[in-house]
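Presented below is the structure to which this report refers.
The values are calculated or read from the model by the stated rules, or taken from the named source; none is laboratory data. In this text the structure is predicted, and so the values were computed from the model without any measurement. Backbone-built Cβ (ideal geometry, glycine too); neighbour counts: all protein chains shown.
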Amino acid sequence: LLCNEHMIRSFKFKLYRTKKTCELAWQAEIARQIWNRCLAVHRRYYRRTGKYLNRNRLQKRMTVWKTWKRFSHWNELGSQAIQDVSDRLEKGYKAFFKKDVRRPPRFKSEDKRKSFTLKQAGWGLNGNEVHIGNRTYKFHKSREVLGKPKTLTIKKDRVGDWWISISCEVGNESETYPKTGRSAGFDFGLKTFLTSSDGETIGSPQFLKRDLSAIRRKSRNHSTKVKGSSRRRKSRVDLARANRKIVFKRDDWQWKLADRLAREYDCLFFEDLSMTGMKALWGRKVSDLGFAEFVKKVEWLARKRGKRFGKIDRWAPTSKKCGACGQLNHELTLSDRTWKCGCCGAVHDRDGNAANNILELGRQLPKEVA
Ligand SMILES: [Zn+2]
């Protein structure tokens, strides 16, 4: 997600490919070692005392570790980045205790995506250059950076490219979209990406379908290569590049669609998707299509543009319920595209009926929740 309530915006840029990025890899590796060390201590402390090690105490210990010979290389990573590790660890545990996430923080293996974050100190921007420590890296500046830069995250992706992500605090400059007096519910499907209660259907674009089948072909190809071979490594990068391309294209398409909907409607209602449930029901395709990512984009845009956004309880029977009389059709299966209500005889298009039910339930949502 690009933004939250405090109006933080992220700007992401790709670094030039040079040999200097080895330095970044080393720093990311130190950050990973610190993370794993802290996590181990956290777990041991919890096992012994049943209590959770708070950030201040952890930071005190870290200062001591830094003076040990075996951890002396930690000092090559800025103290800000070291502090960020303890911040993220605390955040991870808090989210877990609050049940926002299902798993506590986990150890990072060496081949995990590598990244580290710097707070306000220790880095600076100058045109298309970023200074990190005493090094300078050039990046592809695809747009202007707005607002006041707060943190810098440096990350390596699976293709092997390095990216910087700059979080900036921006003023509440957001422009709201004019009111249209229209409300709609939206239902996701496999055949049509989105169906609105107005009767509009939006299919997945052809390029997504094409790219997805290319990815399936590449991943089959990858699995035939011998483990540890250079061919396998090459096919992995090839696959990662194809995946990255589709993520970019899909994001772009989704942002445009989300923007159009935020312009056209004052109130937008969606189902609260349970991804694990949907995957079990529909298979891998669901994650390929990125419904959940799309909903996040719409929510962010709608709020920003002064429109109302609401999520319907995921257990509400939106598909099975007859929009005309309210009777539930328990015999409805996933393959039924249209159905006739056994009670009132109304004939329904599956997705359109669901979208209407979502709109109805959305209207009943208390305003402050939406
Ligand atoms: Zn009916």
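A few points about this structure:
- Considered as a group, the residues in the stretch 289-324 that are β-branched (Val, Ile, Thr) and not in a strand (DSSP E or B) include one that is nearest to SER197 (Cα to Cα), and that residue is THR318.
- Considering residues of the stretch 62-81 that are aromatic (Phe, Trp, Tyr) and part of a helix (DSSP H, G or I) only, the residue surrounded by the most Cβ atoms within 10 Å (Cβ to Cβ): TRP74
- Pairs linking a residue in the stretch 343-357 that is among the β-branched types (Val, Ile, Thr) to a residue that is more than 10 Å from the ligand (Cβ to nearest atom), with Cβ atoms under 7 Å and 6 or more positions apart or on different chains, are VAL347/THR338.
- You will find that of LYS155, LYS150, the residue that is more than 30 Å from TYR265 (Cα to Cα) and buried (at least 17 other Cβ atoms within 10 Å of the Cβ) is LYS155 and no other.
- Residue in the stretch 356-370 that is assigned to a loop (DSSP other than H, G, I, E, B), within 28 Å of LYS304 (Cα to Cα) and of a type in the set (D, E, K, R) present: yes
- Being surrounded by 13 or more Cβ atoms within 10 Å (Cβ to Cβ), β-branched (Val, Ile, Thr) and in a loop (DSSP other than H, G, I, E, B) is a property that holds for VAL145.
- Residue check for GLN59: crowded, with 19+ Cβ neighbours inside 10 Å and of a type in the set (S, T, N, Q): no
Per-residue answers, yes or no, for (1) surrounded by 14 or more Cβ atoms within 10 Å (Cβ to Cβ); (2) at pLDDT 90 or above:
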residue: THR195; (1), (2): yes, yes
residue: GLU200; (1), (2): yes, yes
residue: ARG220; (1), (2): no, yes
residue: ASP238; (1), (2): yes, yes
residue: TRP282; (1), (2): yes, no
residue: VAL286; (1), (2): yes, no
residue: LEU289; (1), (2): yes, no
residue: GLY306; (1), (2): yes, yes
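- Among the criteria (1) in contact (Cβ under 8 Å) with a residue 60 or more places away in the chain; (2) closer than 17 Å to GLN27 by Cβ; (3) assigned to a strand (DSSP E or B), the one HIS131 does not fulfil is (1).
- Applying the set (1) touching a strand residue (DSSP E or B) at 6+ places or on another chain (Cβ under 9 Å); (2) modelled with pLDDT under 95 to PHE186 leaves exactly one unmet item: (2).
- Enumeration of residues in the stretch 347-370 that are within 13 Å of the ligand (Cβ to nearest atom) and either under 14 Å from GLU271 (Cα atoms) or loosely packed, with under 15 Cβ neighbours inside 10 Å (or both): VAL347, ASN353, ASN356, ASN357
- Scanning the stretch 305-346 for residues that are within 16 Å of the ligand (Cβ to nearest atom), out of contact with any helix residue (DSSP H, G or I) (no Cβ under 7 Å at 6 or more places or on another chain) and closer than 20 Å to VAL295 by Cβ turns up just one, PRO317.
- Meets criteria (at pLDDT below 95 and touching a strand residue (DSSP E or B) at 6+ places or on another chain (Cβ under 8 Å)) for LEU273: yes
- Selection over the stretch 82-120 of residues that are touching a residue at least 60 places away in the same chain (Cβ under 8 Å), in a loop (DSSP other than H, G, I, E, B) and among the hydrophobic types (A, V, I, L, M, F, W, C) gives a count of 1.
- Among residues of the stretch 195-210 that are more than 20 Å from GLY185 (Cβ to Cβ), those with a Cβ under 6 angstrom from a residue that is part of a helix (DSSP H, G or I) and hydrophobic (A, V, I, L, M, F, W, C), sequence gap 6+ or separate chain, pair up as PRO205/TRP253.
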